[in-house]
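What follows is a set of notes on a single structure, which appears directly below.
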Amino acid sequence: MKFQIGYRTIKTAIAAPIAILIAQAFNLEFYISAGILAILCIKVTKKKSIVSSWERFAACLVGILFAFIFFEGISYHPLVLGLLLLVFIPTMVALKLKEGVITSSVIILHFLVIQDFTWAIVWNELGIIVIGIGMALVMNLYMPSMEKQLKKYQGELESKFEIILKEIASFLREGKSDWDGKEIVEADEIIQKAKSLAFRNVENHLTRHEDQYYNYFKMREKQYEILGRVMPIITAIDHTYVQNFRIADFLDDIADAIHPGNTAQIYLDELEGMREAFREMDLPKDRSEFETRSALHYFLTEMEQYLILKRYFKARDV
């Protein structure tokens with residue numbers, strides 16, 4: 001089994017002891033809790049870290065207020081703690097601070113252990129909260145670049161698309177194929193992994209609401225869906241039909257030109273030329289030719305959408 005340590009693990013291993021040492025240096029009671037806070041606030045992206053930190057900080061403040069109301073108002077007793085939590089947890093959910101329930105519960109328990117409520121204790125708890133959350137935020141300022149892996153996914157996906165298109169072209173020419181179709185499954189797996197990674201990349205840039213790579217893989221996902229729709233149609237086409245060869249050559253050209261650049265308009269123009277040539281042909285001689293032409297017309301319409309998606313992606317990118 002391969003043993004691997006990720007960045008999040010390393011950050012957690014560094015943040016927790018430093019937070020504890022700082023809290024201890026300030027002679028804070030329950031200084032260990034600063035390390036717990038740091039562990040809880042280390043997230044996979046900057047955005048998630050900031051959101052988590054805010055929720056935990058706000059929840060802790062509300063928790064201190066609840067501790068005062070219930071413990072000072074009723075009694076410092078475990079049964080009162082149960083009553084407090086019955087009200088506190090739904091309140092956190094209503095305030096959309098549910099991620100801070102565990103953290104704030106730890107702070108509340110501190111008041112139950114001390115069985116007193118003074119400004120000194122409040123400042124002690126605030127110190128723990130600020131040190132623990134602050135250390136996690138500092139550690140999450142650095143996020144490793146994902147561009148290298150995203151470019152790798154991009155290259156792998158384009159390679160799969162190239163094979164799929166060439167196999168479709170081959171089937172149009174010969175009417176048969178020994179292709180096992182594994183690239184179809186592999187392309188889908190790459191798209192899902194790449195989209196997930198690209199989304200994390202967006203969340204690591206706080207001022208960015210979308211990402212070129214995320215848009216790219218969304219575009220390829222839609223193209224992938226189109227390829228999935230046309231493949232059953234291709235298998236039903238009579239391979240002896242003369243226009244099959246022109247379309248097969250067209251697909252080969254598209255396959256050879258798969259890359260992040262913008263060449264879609266060239267092939268859209270070529271596709272329109274083929275469509276015009278088909279219109280000028282004599283009427284179908286029999287039912288079989290009519291069905292073949294209908295299937296090819298549908299195929300060209302889908303491929304037009306395939307190319308428009310790429311053109312639109314580059315237009316937005318510019």
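Just check region 1-64 against the gyration tensor rule for me: Cα atoms, a ≥ b ≥ c as the square roots of the eigenvalues, rounded for a/c under 1.5, and otherwise prolate or oblate depending on whether a/b exceeds b/c.
Working: a/c = 2.85, a/b = 1.32, b/c = 2.15.
It comes out oblate by the Cα gyration axes.
Sites count as exposed loop sites when they are trypsin sites (Lys or Arg not before Pro), lie in a DSSP loop, and have at most 14 other Cβ atoms within 10 angstrom; the longest stretch of the chain without one is 3-95. Pairs 48/148; 195/222; 152/218; 160/218: which exceed 18 Å Cα-Cα? From 48/148; 195/222; 152/218; 160/218, over 18 Å: 48/148. Between exposed chymotrypsin sites (Phe, Trp or Tyr not before Pro) in the chain, where DSSP calls loop and at most 11 other Cβ atoms lie within 10 Å, what's the longest gap? The segment 143-318 is the longest one with no such site. When the solvent-accessible area of the chain is split by element, carbon and sulfur atoms take up 61 percent of it, the probe being 1.4 Å. Estimated from helices alone, the mean residue ellipticity of the chain at 222 nm is -25500 deg cm²/dmol (sum of -39500 (n - 2.57) over DSSP H runs with n ≥ 4, per residue).
If you roll a 1.4 Å probe over the heavy atoms of the protein chains, what accessible area per residue do you get for the chain, in Å²? Write down the numbers at each step before the final one.
Numbers: 17330 Å² over 318 residues.
Accessible area per residue: 55 Å².
For volume of the Cα convex hull per residue in Å³, pick the label among [x] 156; [y] 187; [z] 129 that corresponds to the value derived from the coordinates. Recomputing volume of the Cα convex hull per residue in Å³ here gives the entry labelled [y]. Multiplying the residue separation of residue 291 and residue 13 by 0.36 nm and removing their Cα-Cα distance gives an extension gain of 93.5 nm.
For the chain, the longest principal axis of the alpha carbon atoms and the long axis of helix 243-256 meet at an angle near 40°.
I need the calculated FRET efficiency for the pair residue 126 and residue 265, taking r as the beta carbon distance and R₀ as 45 Å, to the nearest 0.05. Mind dumping the intermediate values first?
On the way: r = 61 Å, r/R0 = 1.35.
After rounding to 0.05, the efficiency reads 0.15.
What you get for the chain, charging only the Cβ of Lys and Arg (+1) and of Asp and Glu (-1), is a dipole of about 1220 debye around the Cα centre. The mean sequence distance of close C-alpha pairs (under 8 Å, at least 6 residues apart), as a share of the length of the chain, puts its relative contact order at 19 percent. Pairs with C-alpha atoms separated by more than 31 Å, drawn from the list 46/193; 46/98; 96/310; 11/193; 47/193, are 96/310. Ranked from largest to smallest solvent-accessible area, with a 1.4 Å probe on the protein heavy atoms, 197, 21, 172, 61 come out as 21, 61, 197, 172.
The values are calculated or read from the model by the stated rules, or taken from the named source; none is laboratory data. All values derive from a computational prediction rather than experimental measurement. Ideal geometry is used to build each Cβ from the backbone, glycine not excepted, and the neighbour counts take in all protein chains shown. The accessibility values were calculated without ligands, DNA or RNA, using every heavy atom of the protein model including side chains. Shrake-Rupley method; radii C 1.70, N 1.55, O 1.52, S 1.80 Å.
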